[in-house]
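The values are calculated or read from the model by the stated rules, or taken from the named source; none is laboratory data. In this text the structure is predicted, and so the values were computed from the model without any measurement. Cβ placement follows ideal geometry from the backbone for every residue including glycine, while neighbour counts extend to all protein chains displayed. Just the protein is used for accessible areas: all its heavy atoms, side chains included, with ligands, DNA and RNA removed. Shrake-Rupley method; radii C 1.70, N 1.55, O 1.52, S 1.80 Å.
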Amino acid sequence: MVAAAVAAACLAVSAVGSARAEEPAVATPQARLPPEAARWVQEGIDHYRQGRYPKAAQAFEKARQLAPKDPEVSDLLATSLLHANRHAAARQEFERRLGFDPEALSPRLGLARVAVRDGDFELAEGFYREVLERAPTDLTALYNLGWLRYRDGAYEQARDLLQRMVALAPDHAPAHYTLGLTLDRLGDIGAAERELKRAVALEPDNVRAHYNLMNLYVRAGRDADAAHEREIYQGLADRFAADRAAEGTARDRFLAGDYAGALQEYDRLLLLHPQSGRFELGRGLCFLKMDRDREALASMEKALSMDSRLPDAYFHLAALYQRLGQPEKARTARERYEDLETIREGKSGF
Amino acid sequence: MAILALICGAPPCAAAADPATFVEVGEAAGIQFVHIGGHTAEKYMIETLGSGVCFLDYDGDGLQDLYFVQSGTVPGRQGPKAGDALYRNIGGGRFADVTAAAGIAEFGYSMGCAAGDIEGDGDVDIYVTNFGPDVLFRNNGDGTFTDVTQAAGTSNPLWSSSAAFADYDADGDLDLYVANYVDFAMDNNKMCGDLPRRIRTYCHPDAYEGVPDALYRNQGDGTFRDVAAEAGLTRRYGKGLGVVWSDLDLDGDLDLYIANDSVPNALYRNEGNGKLLDVTLASNTCCSEDGRPQAGMGVDAGDIDGDGRFDLIVTNLSGEPNELYRNLGGMRFEIISFPSGFAAVSLPFVGFGANIFEFDNDGDQDIMVVNGHIIDNIALLNDASTYEQRAFLFENLGGGRVREVGRERGAYFSGVFVGRGLALADLDLDGDLDAAINNHDQRARLLRNDGGNARHWLRLQLRGHGAGNRDAIGGLAAVTAGGRRQVDEVRSGTSYGSENERALHFGLGDAGSAEQIEIRWPSGARTRVEGAAADQILVIFEP
């Protein structure tokens with residue numbers, strides 16, 4: 001259930017936030033800040049880029065104390081707090097920013113994101129509307145307000161917003177997908193089909209678009225098309241489930257002491273997902289257990305090059321460097337590990 | 001046709017001045033039950049789920065008694081010996097613990113319960129789902145029970161969660177569906193969490209394989225046989241947590257819906273020949289609107305939008321919306337979770353027990369949901385989440401929309417608990433529905449509905465003929481009052497590991513009588529009653 005929560009939360013956030021990059025553009029306000037504040041900002045940015053949000057928030061908080069009305073410092077602090085799942089503190093900081101910068105857009109977008117995570121869609125809509133009043137072509141606000149209007153059953157409003165959105169960003173698959181759902185609810189089946197197909201064209205593995213195309217065809221009595229989409233949907237769903245199960249198999253073998261078997265599973269998974277730092281970390285752990293330190297080291301380093309937010313990898317890397325007589329590198333890795341305070345909600349498996 | 005006006009309730013107030021409010025009266029009513037989860041540092045997965053609660057009239061006195069399911073100390077560990085508890089409703093809003101006197105000795109690590117008269121002998125028996133073999137208690141008819149599990153063949157050694165009775169094959173006796181969860185065992189407890197940081201948490205269900213559910217067919221001689229495979233339940237194994245039988249296509253037999261955790265939910269259409277056909281994908285009830293499986297926990301069926309068809313609700317994990325599947329007919333559903341107002345508020349919550357019911361007698365179906373996270377140390381992992389969470393009460397606004405009004409309807413809904421089992425009954429026979437809640441590792445709660453009876457109501461107790469299915473599970477009633485037609489059916493199971501009373505409760509609003517009552521019995525027979533005064537319990541016998 002936990003990983004599902006994370007996945008769902010990520011889904012919701014990406015669905016809501018995908019019109020604009022989820023991460024804020026990390027500004028560099030250091031030049032205009034007092035040196036001490038600039039130093040804290042730089043440290044916070046370093047933490048932020050490594051996914052160490054609580055540490056980032058601590059650094060930005062120190063910078064804020066020195067530069068309380070710097071808008072970018074405030075944005076960075078609030079966004080770090082949001083990523084660290086400290087909703088109330090994030091909300092407070094976004095509100096504080098609005099207090100000294102009442103026309104700003106970014107704190108409104110931030111407040112909307114907090115509201116969506118808290119399930120208060122009405123509040124979120126209000127913030128997005130305020131953004132659109134000030135910036136009618138803001139893609140984040142357009143898409144998210146359209147998504148929220150759809151969620152609320154206001155399909156005509158959703159359609160208008162999302163049509164504006166796809167006109168401005170024609171390759172935005174989530175917007176085409178949500179517009180497709182909206183048109184389907186409005187009974188415009190042909191247009192809905194076109195939008196869902198457009199989403200699939202942009203993202204062939206878009207499982208949700210395939211699922212809704214299947215539903216659309218079932219309702220329309222187009223059995224052959226429904227069967228085709230069902231096959232694709234089922235195939236994608238099975239693949240994702242198989243990957244999850246395979247990871248479970250690898251973990252089971254690992255826990256049972258069958259490190260060679262676990263390694264085989266991770267190798268297979270990496271063929272399917274060659275950029276998965278998590279699977280590479282799994283390989284590294286197997287090597288570690290098999291006393292193949294050099295290969296373990298290579299895997300850990302590779303895993304971190306793919307995904308720098310793997311505290312387990314830093315943890316084991318530190319031990320490996322120590323064993324291999326590289327104390328300085330061991331110390332750095334240990335510090336990185338200790339810094340990674342964002343605890344993942346979910347299973348680590350090890 | 002025989003009809004008995006059994007009890008006339010208190011007359012409703014002249015005007016509905018005060019809204020229905022739920023008042024917590026558990027301790028005052030004599031309910032001392034405290035659930036024990038048996039949490040350990042090893043984080044055994046069984047410690048997460050918690051237990052259900054069942055309303056049943058075990059002594060046939062017309063008052064709803066309570067069966068609380070206990071988890072207790074995890075197997076193989078030393079700890080307090082805590083078992084399930086049976087409370088007899090002694091009237092006047094009071095309950096007495098009769099567990100020992102009734103011969104109930106259930107000390108397994110238990111999850112849920114279901115109640116049904118398996119022999120058709122006129123008294124209700126109890127099935128308890130466990131981590132480990134389940135238990136079937138036969139009601140001896142004298143206030144005591146006998147464990148007949150082995151003789152009945154229903155021991156089901158798998159980790160089971162919810163169960164529900166129904167005469168799925170229409171042979172006149174009650175069969176039993178048992179939802180089983182995963183293949184966790186005490187000796188295959190996996191390490192999950194962030195171990196380098198020395199934070200151990202409970203494993204995700206992905207860490208274990210799903211196990212097959214059981215469909216026990218009543219062979220009419222006091223024994224059951226698992227016919228899941230031959231009935232057609234051959235889809236990949238789910239990780240079942242909630243189950244409901246309901247005639248979703250209104251063709252006269254009971255269809256089956258199961259809420260599964262982290263894998264697709266399952267909907268089986270009853271083909272009427274002893275076979276159940278998997279129609280999950282085509283029905284649009286497997287998943288979220290995006291086609292993603294969710295962490296289904298509690299489930300119920302009921303007519304939310306007043307169109308005469310039974311819709312489905314499923315509670316899910318935080319970050320996932322609770323789902324409301326609107327029944328379009330023909331086994332097709334439309335997901336209206338967000339536009340209905342049911343979903344958004346649920347996003348930060350982990351939903352378990354859930355029931356569709358009428359709480360304010362205004363003539364439409366409302367919803368109660370109890371919430372509580374599954375990970376007791378969730379605050380270490382995510383400070384936007386809490387283990388204890390408030391419960392929800394949704395008021396039906398009409399037009400397929402609901403609004404969460406809990407905090408306006410009782411202090412309980414402002415408090416935070418680890419909600420699990422939820423069951424409903426009119427325990428004080430005053431014409432409105434009360435609630436019992438089994439909270440994980442906490443004291444059980446009894447919510448008395450005060451003021452729900454400010455509007456008119458009508459309660460129907462269906463009595464099937466013959467030796468089996470005396471409670472007419474699967475029977476469908478349509479009540480027309482004030483020009484509005486409402487439907488409901490007699491169900492077993494629902495919610496999470498829990499069971500509601502059998503009587504069907506209809507709110508009539510301002511209507512002082514029902515123009516018409518139509519009954520469709522499980523046998524297919526029909527009964528029509530013209531003109532029935534409001535504010536009474538009608539016992540209707542199958543012709």
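Tally Lys/Arg at +1 and Asp/Glu at -1 over every other residue whose Cβ is under 13 Å from the Cβ of B:Asp226; what's the total? Walk me through the intermediate numbers first.
Working: positive: B:Arg217, B:Arg225; negative: B:Asp134, B:Asp175, B:Asp213, B:Glu230.
Charge balance near B:Asp226 sits at -2.
Return the subset of B:Lys190/B:Lys275; A:Lys55/A:Lys302; B:Lys190/B:Lys239; B:Lys43/B:Lys239 for which the Cα-Cα distance in this structure is over 29 Å, preserving the input order.
Among B:Lys190/B:Lys275; A:Lys55/A:Lys302; B:Lys190/B:Lys239; B:Lys43/B:Lys239, the Cα-Cα distance tops 29 Å for B:Lys190/B:Lys275.
So for the pair A:Ala241, A:Leu255, with labels modelled 7 Å out along Cα→Cβ, what separation do we get in nm?
2.1
Which residues' amide hydrogens lie under 5 Å from the amide hydrogen of A:Ser308, considering only partners 5 or more residues apart or on another chain, with H built in the peptide plane?
Amide H neighbours of A:Ser308: none.
Principal axis lengths of chain B from Cα atoms, whole Å, largest first?
Taking the Cα atoms of chain B, the three principal extents are 70, 51, 49 Å.
Which ³J(HN,Hα) values in Hz, rounded to whole numbers, follow from the phi angles of the range B:213-221 under the Karplus curve 6.51 cos²θ - 1.76 cosθ + 1.60, where θ = phi - 60° and Gly and Pro get x?
Result, rounded to whole Hz: 6, 10, 10, 8, 8, 6, 8, x, 10.
Just want to confirm a number: the relative contact order over chain B, from Cα pairs under 8 angstrom separated by 6+ residues, in percent.
18
Can you compute the FRET efficiency between B:Arg403 and B:Ser155 using 1/(1 + (r/R0)^6), with r the Cβ-Cβ distance and R0 = 41 Å? Round to the nearest 0.05.
0.35
Just to be sure I understand the curve: with the Debye formula and one point per C-alpha of the range B:194-315, what is log10 I(q)/I(0) at q = 0.23 Å⁻¹?
Summing over Cα pairs of the range B:194-315 leads to -1.42.
Would you please give the FRET efficiency between B:Ala100 and B:Asp171, computed as 1/(1 + (r/R0)^6) with r the Cβ-Cβ distance and R0 = 30 Å, to the nearest 0.05?
Efficiency for this residue pair is about 0.25.
How do A:Glu95, B:Glu42 rank by accessible surface area computed with a 1.4 Å probe, from largest to smallest?
Ranked from most to least accessible, the order is A:Glu95, B:Glu42.
How big is the gap, in Å, between the Cα center of the range B:90-131 and the Cα center of the range B:456-527?
With the range B:90-131 and the range B:456-527 each reduced to a Cα centre, they are spaced 23 Å.
Going out from 0 in 10 Å bins, what whole percent of all Cα-Cα distances in the range B:404-481 drops into each bin?
All Cα pairs, binned at 10 Å, distribute as 15, 34, 31, 17, 2 percent.
Please calculate the 1.4 Å probe accessible area of B:Ser155, with all protein chains present, and give it to the nearest 10 Å².
Its heavy atoms expose roughly 40 Å² to the probe.
Dipole of the protein assembly as shown, Cα-centred, from +1 at each Lys and Arg C-beta and -1 at each Asp and Glu C-beta, to the nearest 20 debye?
Its charge dipole is roughly 3540 debye.
For the range B:392-403, what does the Karplus curve 6.51 cos²θ - 1.76 cosθ + 1.60, with θ = phi - 60°, yield as ³J(HN,Hα) per residue in whole Hz, taken in order and with x for Gly and Pro?
Working through the residues one at a time gives 10, 10, 9, 9, 6, 9, x, x, x, 10, 10, 9 Hz.
Taking the simple approach of a point 7 Å from Cα along Cα-to-Cβ for both A:Arg32 and B:Ala41, what is their distance in nm?
5.4
Enter the mean number of other protein chain beta carbons within 10 Å of the beta carbon of each residue in A:209-216, as an integer.
The mean count of partner-chain Cβ atoms within 10 Å per residue comes to 4.
Apply the Kirkwood formula to the protein assembly as shown: the hydrodynamic radius equals the inverse of the mean of 1/r over all pairs of different alpha-carbon atoms; give it in Å with one decimal.
Details: mean 1/r = 0.0349 Å⁻¹.
Roughly 28.7 Å, rounded to one decimal.
Principal axes first, then extents: for the Cα atoms of the range A:243-341, list largest minus smallest coordinate on each axis, whole Å, largest first.
Result, largest extent first: 37, 24, 20 Å.
Using only C-alpha atoms and all pairs of different ones, pull out the Kirkwood radius for chain A in Å with one decimal.
It is 22.7 Å.
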